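A short write-up of the structure that comes next.
The values are calculated or read from the model by the stated rules, or taken from the named source; none is laboratory data. Everything numeric here is computed off the predicted structure, so don't read it as measured data. Note that each Cβ is placed from the backbone with ideal geometry, even for glycine, and that neighbours are counted across all protein chains shown. With ligands, DNA and RNA removed, areas are computed over all heavy atoms of the protein, side chains included. Shrake-Rupley method; radii C 1.70, N 1.55, O 1.52, S 1.80 Å.
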Amino acid sequence: MWLPSWATDRLHRKPDCPADRPVVTIEEVAGRLLIQAADALAGAEGIRPGFALADARALRPDLAVFPADPAGDATALARLADWCSRYTPLVALDGGDGLWLDITGCAHLFGGEKALMSDLRHRLAGFGHDSRIAVADSPGAAWAAARFREAGQTVVEPGAIRESLAPLPVAALRLPSVMTAELERLGLRRIGDLYSVARAALARRFGMLPGERLDQALGRIAEPLSPRLPPPAFVVRQILAEPILHAEGLAAVLQRLLPRLCRELAEAGQGARRLELGCYRVDGRLAKLAVGTSRPSRDDAALIRLFAEKLERIDPGFGIEAMTLAAPQVEPLADLQLALARGRHGTARGTARGTTWGTARGTTGGTAGQAADLAPLIDRLGNRLGFARLARAEPRESHFPERAVKRMPAGFPAAAAKPAAAKPPGALPLRLFPRPEPVTAEAAGEGDPPASFLWRARRHQIRTAEGPARIEPEWWLGESGGPRDYWRLEDEAGLRFWLFGQSGSWYLHGLFA
C-alpha cells in the first residue's frame, strides 16, 4: 500500500490548511529551502518534491507552505499500521509513505483480494488519504505495481508476475537513483530489458543488487517481511454491523469472542498468560486493552471479569466497527490445574480435591492447589495494581532468618519441592527487619542479656529477658563471624524486642506485637 501524498494529506485534515490552494511541505537542505512533499493541486502545477521553494512560488505565488514534520508523519504512519491489523496481523512499515500487508490466509474473510483492497481504499479515502494498493505473490512485485501503475488497485495474478513487471521502469526494482540513471543511460529503461541481460555482465558493472532485486520481484528469492508487531499465537475477530459507542456493547462482543478464543486454546492444549483486546474505530485509530494472568488460563468467565474492570477506559471515539481478541503469550495448561478448576467450580469438588491433593499433596498437589485457589485474586490485583507489585515469600535453605525466604513474583510458578524454612527456637517476631540494626547495649556479664540498649536515640530499660537461642554461622558458604545468641526482651514500657549478640556487638533484628 502506497500513500503518495501522506504528508500533505495529514495537513489537509487540519483546520488551518486551505482547501483551494496548493499545499507543500519544505525542509532546509544545505542552506536551501526544498519541497519535501506536494499535494495533488501542487502536482498539477508541475511542483514536485525536490523543487526549490523559490521556483515553486514562481509557478504558484499563493502556495501554502508548511514545515516538514517527518517525526509526526512516522508516528501517524505507525498508528495507521496498527489500525491496518484489522485486515491482517502481519503489517510492516515501508519507508515514510507505505505499508506492507501480508494477507495470506486473510483475504477470504473480506470477500477476496479485490474486496479487501476496495474496502481498505474506501476507508482510507474517508480518512482523507489517497492510496494505491497492489496484491502480488512477491513483495517486490506488489511494491512495483502499487507505485508505478496508474490504477488505484491492482491484482497481479499468480504466474503473471514476469509479464506484469516487464513494461515498468527499472526504478520499480527499488534500486538507488544513481544506479537507475546509469541503467537508463545504457538503454535498460524497462524491467523487461533486464530479462535478456547476462547476470555475470550485469554483476560486473553494477554488483549483485540489480539481479537480487529482480529475483525478489519475480519471486525466485524469498523476501521475508519484518512485521511492526509480532503476530499473536491465537487471535479471533468480529466485524460489527453497527459501530459501538458504549462499554456495554463492548462487553457483549467480548462475551462472544472469549469462548471462541478459549476453544482454540483448548484444542492446542494452551492457556493464556496475556490477552489483548483491539478496538478499531471508524476514524482510523486503534484502541487497545490488555490483561494478564498469573498462570495459564482459558476460563472465559474469569477472563471476562478481568476485562470488565477496564472496559470503561476504552475511548470509542465516533464508534468501534471491528474488534479482535488476541493471546500473544500462552503456555501449556497443566492437567492438574484443570482438575482443580473442575473441583472448585463443578459438582465433583470432593472427588477432585481428594484425588488430586490426596495422591500428590506431599509433592506438587498442595502447592499447585493453593496457587490455583489464589490465581483469581492474584489476577485481579495484578491487573489493577500491576503484577510487578505483587510478591510472595518462598523458603530458602538458610539458618539466618533474614535469608530464610526470598521474594518471588506472585505469579511465578512454585518449585515442585520446597526446602523447609529454617526457624530458630521459640516464637518469631511479628516484624523482621531486612537487615539487623546495630544497637548500643549494656550487658551485666558475658552470656547475659543486656540490661538496657540504645536504639534510634532512645534508651530502653529491660524488665524481662528470655533466651538465648544460638544460630551458628554458615561456614560452608564462607561466612565469617561468631555465632548469634538471640534474646527476647521486654522493656519497662511493655515493648518487646528480638536482639542478638555476636562477637561482642549487639543487633536488633525484629519487633514483637
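What to note about this one:
- The label-point distance for TYR195 and GLU150, in a model that sets each label 7 Å from Cα toward Cβ, rounds to 2.3 nm.
- For VAL155, the residues 5 or more places off, or on other chains, whose built amide H falls under 5 Å of its own are VAL135.
- Nonlocal amide H pairs with ALA37, under 5 Å, H built at 1.01 Å: THR25
- Considering only ALA251, ALA272, SER294, the residue lying farthest towards the positive end of the dipole of the stretch 250-298 is SER294, judged by Cα position with unit charges set on Cβ.
- Estimated FRET transfer efficiency when R0 is 56 angstrom, pair GLU402-ALA308 (beta carbons, to 0.05): 0.85
- Label-to-label distance, nm, for residues given as THR440 and ARG458 (7 Å Cα→Cβ offset): 1.7 nm
- Along the axis of the charge dipole computed for the chain (Cβ charges of +1 for Lys and Arg, -1 for Asp and Glu, origin at the Cα centre), the listed residues ALA181, ALA81, GLY504 are led at the positive end by GLY504.
- Relative to the longest principal axis of the Cα atoms of the chain, the long axis of helix 349-360 lies at roughly 70 degrees.
- Subtracting the Cα-Cα distance of ALA181 and ALA247 from their residue separation scaled by 0.36 nm leaves 18.0 nm.
- With contributions of -39500 (n - 2.57) from each DSSP H run of at least four residues, the per-residue ellipticity at 222 nm computed over the chain stands at -10000 deg cm²/dmol.
- The distance linking the stretch 133-177 with the stretch 232-276 is 37 Å (Cα centroid to Cα centroid, whole angstrom).
- Interchain or long-range residues, amide H under 5 Å from SER5's placed H: ASP130
- Angle in degrees between helix 70-83 and the longest Cα principal axis of the chain, rounded to the nearest 10: 80 degrees
- Point-charge dipole on Cβ atoms (K/R +1, D/E -1) for the chain, about Cα centre, debye to 20: 820 debye
- Across the stretch 270-280, computed HN-Hα scalar couplings (Karplus, 6.51 cos²θ - 1.76 cosθ + 1.60, θ = phi - 60°) run 10, x, 7, 9, 8, 10, 10, 9, x, 10, 8 Hz from first to last residue, x flagging Gly and Pro.
- Computing FRET efficiency as 1/(1 + (r/R0)^6) for ASP62 and ALA203, where r is the C-beta to C-beta distance and R0 is 51 Å, gives about 0.50.
- Scattering profile of the stretch 443-487 at q = 0.16, 0.19, 0.20, 0.23 Å⁻¹ [log10 I(q)/I(0), Debye over alpha-carbon scatterers]: -0.58, -0.73, -0.78, -0.88
- J(HN,Hα) series, the stretch 224-235, from Karplus relation 6.51 cos²θ - 1.76 cosθ + 1.60, nearest Hz, glycine and proline x: x, 8, 10, x, 4, 10, x, x, x, 5, 9, 8
- The count of lysine pairs in the chain with alpha-carbon distances below 30 Å, taking only pairs 8 or more places apart or on different chains, stands at 5.
- Of all accessible heavy-atom area on the chain, the percent that carbon and sulfur account for (1.4 Å): 54 percent
- Based on Cα contacts under 8 Å between residues 6+ apart, the chain shows a relative contact order of 8 percent.
- Distance between the modelled labels on ALA451 and LEU477, one decimal in nanometres: 3.7 nm (7 Å Cα→Cβ projection).
- Contact order relative to length of the stretch 137-241, as percent, for alpha carbon pairs under 8 angstrom and 6 or more apart: 30 percent
- Remark on the stretch 55-207: hydrodynamic radius 17.9 angstrom, per the Kirkwood mean of 1/r across alpha carbon pairs.
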